[in-house]
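Heads up, the thing below is written out as structure tokens.
Derivation of every value follows stated rules applied to the coordinates shown; laboratory data play no part. Here the structure is a predicted model, which means the values were calculated and not measured. Every residue, glycine among them, receives a Cβ derived from its backbone with ideal geometry; neighbour counts consider all protein chains shown.
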Amino acid sequence: MSNHTDAVRARAKQLLESGEVTRVIGHARGTTPYRSRPHFASSPEQTDALIHDVSCGSNLAVYVSKPKERVAVIAKGCDARSLATIIHEGQAERGNVLILGVSCEGKLDEGRLLRKLDFPPRQVKSVREEGDEVVVEGPAGDVRLPRDDVIMVNCTYCRARTPAVSDELIGEPVPPREEADQYPDLGGLDAMSEAGRAEFWRAQFEKCIRCYACRNACPSCFCPECFVDEYHPQWALHGGGQFRGNWMWNVGRAQHLAGRCSACGSCQRGCPVDIPLMLLNRWMERATNQAFDHLAGMSEQQKQLAALFRKSEAKASEHG
Amino acid sequence: MKNPYLPHVAVIQDIRDEGPGLKSFDLAFRDGSVWEEFRPQPGQFVELSVFGEGEAPFGVATGAHETGLLRLSIQQVGRLTKMLHSMAPGDEVGVRGPFGNGWPLEAAKGKNLILIGGGIGMPPVRSALVSAMAEKDQYESISLFYGARSPEHITYADEIEQWIASDDAKINVTVDVGDDTWPGHVGVITTLLEDEHASPANAVTMTCGPPIMIHFVIPTLTKLGFSDDQIIVSLEARMKCGIGKCGRCNLGAEYICLDGPVFSYDHLQTMGIRL
Amino acid sequence: MDRLKILKSRLPDWLGKLRAQAAVYAPVERAGVTCFARLAPGDEPQLDYGNTDTPLKEVLFPQTECLITWQRTPEGLQVQEVDTSEPTVIFGARPCDVTGLRFLDRAFRLGGIEDPYWVRRRDKTTVISLVCPHPVPGCFGPSAGVNETSPEGADVVLTDIGSAYVVEVKSEQGQAAVDLASDAFTSAAEEDLIAAREAGETLLAELAEQAIDLEEPEARAKAFLQSPAWEQVWNRCLSCGICAFLCPTCHCFDICDQSCRGGGERIRCYDTCSSKIYTKQAGGHNARPTAKERLTQRVMHKFSYGPERLGVLGCVGCGRCRRCPVDIDLQLELSRVEVKEPV
Amino acid sequence: MAEQQVAEAPAEQQATAAEWRPTLLAYLCNWCSYAGANLAGASRMPYDASIRVIRVPCSGRVDPLMIYKAFERGADGVLVGGCHLGDCHYSEGNYACQGRMALVKALLAAAGIEEKRFRLEWISASEGSIFQAVVNEMSEQLRELGPFELK
């Protein structure tokens, strides 16, 4: 059960009233019962709009960028992993971020949910979690759906259902999903031949319109000037619709997130043309995990991946 | 169909140093016939192509009567200007335009024309000044107020000497920071306007310079008694197309490239624009 | 012009004749995404779609297009313009997207200076619109001034009445397109016209349930930008390009050079006012440094500057900008603002 | 859109139309593998002319984007040469390269680029023969794989 709305509101109000933090970053109800939106509370009254339930999928760490005063983030597992990663990389002082952890059993994927309903989305009255099911209140009463059928695919193999790094925890700890280490989601790609994979990604990358929602929704993408906006050299041809430029962008992005991605799915969730970006991220997570025994943001003292290449790093002595 | 995106090839005739990181480029079109339909008016700008680096907008410094020559004075600040500053006479660039509305010199005839320029804003001011001086009897008076950062940052220093000698116009120059070689006025341009008692009587002011300068010059002019319609400014913004299509240089509902870059301050007020 | 009728079974004939004369663009599915693409031989349009994921504007204003090419030759620089316009037929466009072309057309002809790349294509294009059987979740065309049964700017309008389409010809170009396969058309009988009208009425009734209030857009925009809700909206904006690139009326673009040894090309590609570097000048000055200024520009351009300069709203109610990853729905926010006297 | 290929070799080295020659881009570290290549050349050890060498101060200088850009610009294969572990002139450059290239190998595999199109080799300044062997073997493999085309 990951509905922590009341607990989250209470704690946020306390934090703001005590002045311990100047801002609480959380979620509020979106334009529909199955949608949420990031919400910023800087006064106790603004905490009344806070919610935390199965619809709160977007990664809030993206709003933590060199804060000058202490902010609290209502962080589910992947948010907390992202916060740990970007704090390691100098994007915030650890003391300036209060990680208000919340246990989580997976967040909604709007597309998957709506495809399961046989009535227009407008008629959804409410969405709630009960046990291992998501219950949608429709025009003809409740529709009970297995949670794993309607949450983001990356949530079904989540390692951080209880935040690994947090100052406090709201809700009971939830064990990680065991299949996380077998990478079941990569079975499709593994089964393909090299030519098959090349063709798969050609069709996917061809759709890319270069809106950069995947970059801007990702907490680990905080470079002041992204390589794709550079001119000397012009790494990627600018503009969507040019396959070679799209290829450079998507491959370059996956390279830069290797060992820094917390598998929150915000990139895939944001993509307007539904490119399965998590496949690339998870493929690289598997590569970095096997080669360097490294998982982004899983502990407070963890070094960055690049630091692991040093002389003492024996594991990768044979070429990776 | 005329293609406003297609640049004409121009050859660099001469390059003059105007100060630290600032050079004047004299350009001439490789195909001479282009001059027939390319007559920039003072205050207009062109899009300069440095092929491989892209394009950027620059105010035209040449006066209306200086035909057959296009002078641009350009500060090195970015990619394109860096490549440009590495070029030599004989190299080829692209020019398209001229764009924008230009200074309302016609309406200023018969009045005291006050030109106010600062730093990199001098090219359009020079264009207005030399064009007005070429018809100086049509104006009650012409004066220039020019503020530069330091004596070595003074653009068109040699020409300024000639303008002073010709006394076709009253030339006032100031520097933010003086040194022992500098005999003239020291202080920001607003102090120059006050010290020289710029008078609003039958006058019109035309100002071009960095945004920070315009921000301070306007209240000074108001304090000196100039009404909003006597304050004409030339503004700048990030530009790509130069013809009001790419959508980025707008100020309220108007595009600086298409409806500007020259605006009267009272028009800006009615649009609710604060500078 | 009286109404005609064409059986769905005769559609391939008409399409075949059109394809002989022009490049036909129609909705097709590509790797899970429906978009307007040029029909390759053997491609069949998928006409039972809600609306394409990426907008119709792609056909006339591509995501990336080459403006000029240049070469460095011993005789000096050679520069040429590129013209890839060709006779085009857009087949099966939804009324809101067709109405979006009107805003683009006026924007690309603003101030008497015509954008040749747009104008050449637009003047060689015949638009055959297909009325929606049902609204797409979240669309609100009528609230944005879209004529859902006979959109302005369409040359031919098809209305689905089961086994056939009722055909309304709205221009000579439309008549010419119909004449290419005149044997496939018959004049519409009385019951066909009734069926078409009823289809239109059910559509408008369903759309009425999704309607929102966008009256007096200029006053609404100003009032919204002072409302408390605005603070939360711009704070969560991620400055990505989804709302601009998916929008049928957004026309902002970037121009940049792509060069290789000895020559190169100058392209233009979609750009968005929400981008952090959209107004960033060399030397670092940025007129719109935060999402507040940038999103203000989006609201004002669509709901104030657009109507003021082009006479039409910068929104056609297609609902695509609801793909926003952080659930920003400007139109819904604007409809909730109570409009005071224009401030 | 004009397809931009990596610039062709000068005319006289141009292969006859029948026998296509691959383009093998090599980033060679200045202190070891470039010196090894020099040695191979100086000692008249023939190696395939499909190679295009870019000298880098250290294999640690090779940015993964440089490898993807090579493939995007039309290279058929990419070779990165560096000093043996422990010999690096900058002591740890090749370790950094090794770590990054492990990720590049993984991502190239994900993107479906044949494994033989990318190699990382430690070649010291005295191993001209090894440089020759690597280049000849790799260009042979590239001939079998055929041109790499991002379309």
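Can you say what percent of the DSSP beta bridges in region C:4-209, counting only those with both residues inside, are antiparallel? Round to 5.
Numbers: 24 of 35 bridges.
Counting DSSP beta bridges with both partners in region C:4-209, the antiparallel share is about 70 percent.
Across the cross-link table entries C:Lys57/C:Lys276; B:Lys245/C:Lys276; B:Lys223/C:Lys292, which are compared at the Cα atoms, the separations over 26 Å belong to B:Lys223/C:Lys292.
Remark: chain C carries a charge dipole of roughly 1380 debye about the Cα centre, counting +1 on each Lys and Arg Cβ and -1 on each Asp and Glu Cβ. Considering only C:His251, C:His134, C:His301, the Gaussian network model of chain C with Cα springs below 10 Å gives its largest mean-square fluctuation to C:His134.
Of all lysines in the structure, the ones whose alpha carbon falls short of 22 Å from that of B:Lys109, not counting any fewer than 8 places away in one chain, are B:Lys136, B:Lys170.
The angle between the Cα long axis of helix B:157-166 and the longest principal axis of the Cα atoms of chain B comes to about 50 degrees, rounded to the nearest 10. Model label points for C:Gln80 and A:Ala307, set 7 angstrom from Cα along the Cα-to-Cβ axis, are 5.7 nm apart. Normalised by the number of residues in chain D, the average gap of Cα pairs under 8 Å and 6 or more apart makes the relative contact order 33 percent. When the charge dipole of region A:110-150 is built from unit charges on Cβ atoms (+1 for Lys and Arg, -1 for Asp and Glu) and taken about the Cα centre, the candidate among A:Val127, A:Pro146, A:Leu114 whose Cα reaches farthest toward its positive end is A:Leu114. For A:Glu178, the shell of other residues with beta-carbons less than 15 Å away shows a net charge of -2, using +1 for Lys and Arg and -1 for Asp and Glu. Projecting the Cα atoms of B:Val233, B:Leu115, B:Ser199 onto the charge dipole of region B:105-234, computed from C-beta unit charges around the Cα centre, puts B:Val233 farthest toward the positive end.
If a/c stays under 1.5 just call it rounded; otherwise compare a/b with b/c (prolate if a/b is bigger, oblate if not). Do that for region A:55-178, with a ≥ b ≥ c from the square roots of the Cα gyration tensor eigenvalues. Working shown, then result.
On the way: a/c = 2.64, a/b = 2.11, b/c = 1.25.
Here region A:55-178 falls in the prolate category.
Residues with beta-carbon under 12 Å from that of C:Ser182, excluding C:Ser182: net charge, scoring Lys, Arg +1 and Asp, Glu -1? Charge balance near C:Ser182 sits at -1. Between A:Glu179 and C:Ser9, what FRET efficiency comes out of the Förster formula 1/(1 + (r/R0)^6) with R0 = 60 Å and r the beta carbon distance, rounded to 0.05? The calculated FRET efficiency here is 0.75. Taking a Cβ cut-off of under 12 Å around C:Leu310, the surrounding Lys, Arg, Asp and Glu residues balance to a net charge of +3, with basic ones at +1 and acidic ones at -1.
How many percent of DSSP beta bridges within chain A run antiparallel, rounded to 5? Here the share of antiparallel DSSP bridges comes out near 65 percent. Considering only B:Tyr146, B:Met213, B:Val175, the residue lying farthest towards the positive end of the dipole of region B:105-234 is B:Met213, judged by Cα position with unit charges set on Cβ. Which shape class applies to the protein assembly as shown: rounded if a/c is under 1.5, otherwise prolate when a/b exceeds b/c and oblate if not, where a ≥ b ≥ c are the square roots of the Cα gyration tensor eigenvalues? Rounded. Post the alpha-carbon centroid distance, region B:2-79 to region C:77-138, in whole angstrom. The distance from the Cα centre of region B:2-79 to that of region C:77-138 comes to 34 Å. Under the convention that each Lys and Arg Cβ holds +1 and each Asp and Glu Cβ holds -1, the size of the dipole of region B:105-234 around its Cα centre is about 360 debye.
For trypsin sites (Lys or Arg not before Pro), the sites in region B:194-275 that DSSP calls loop and that have at most 12 other Cβ atoms within 10 Å are B:Arg274. Take the Cβ atoms of A:Glu130 and A:Leu169, set R0 to 22 Å, and the FRET efficiency comes out at 0.50. Between the beta carbons of A:Glu20 and A:Glu230, assuming R0 = 41 Å, the FRET efficiency works out to 0.50 to the nearest 0.05.
For C:Asp213 and C:Ala23, the difference between the fully extended length at 0.36 nm per residue and the C-alpha to C-alpha distance is 64.5 nm.
Mean per-residue shielding of peptide A:193-202 is 4, counting Cβ atoms of other chains within 10 Å of each Cβ. When each of B:Met87, A:Met278 is scored by the number of other beta-carbon atoms lying within 10 Å, the sequence from fewest to most is B:Met87, A:Met278.
Annotation for B:Val34 and D:Lys116: the two label points, set 7 Å from Cα along the Cα-Cβ direction, are 5.3 nm apart. Ranked for footprinting exposure by Cβ neighbours inside 10 Å, fewest first, C:Val79, B:Val262 give C:Val79, B:Val262.
Of A:Ser58, D:Ser129, the sequence from fewest to most neighbouring Cβ atoms within 10 angstrom is D:Ser129, A:Ser58. With both labels modelled 7 Å from their Cα along Cα-to-Cβ, the C:Glu172 to A:Arg115 distance reads 4.9 nm.
The peptide list C:85-98, A:260-273, put in order of mean Cβ contacts within 10 Å with the highest first, becomes A:260-273, C:85-98. Distance between the C-alpha centres of region A:230-309 and region C:33-64: 29 Å, rounded to the whole angstrom. Assuming charge only on the beta carbon of Lys and Arg (+1) and of Asp and Glu (-1), the dipole of chain A about its Cα centre is about 740 debye to the nearest 20. Starting from the Cα of A:Ser193, move 7 Å in the Cα-to-Cβ direction to define the label point; list residues of region D:97-120 whose amide nitrogen is under 16 Å from there. Inside the label zone: D:112-116.
Among the listed pairs A:Lys76/A:Lys303; B:Lys2/C:Lys17; A:Lys66/B:Lys23; A:Lys76/A:Lys125, a Cα-Cα separation exceeding 30 Å is found for B:Lys2/C:Lys17; A:Lys66/B:Lys23. Averaging Cα coordinates gives a centre for region D:33-64 and one for region C:265-297; these two points are 43 Å apart.
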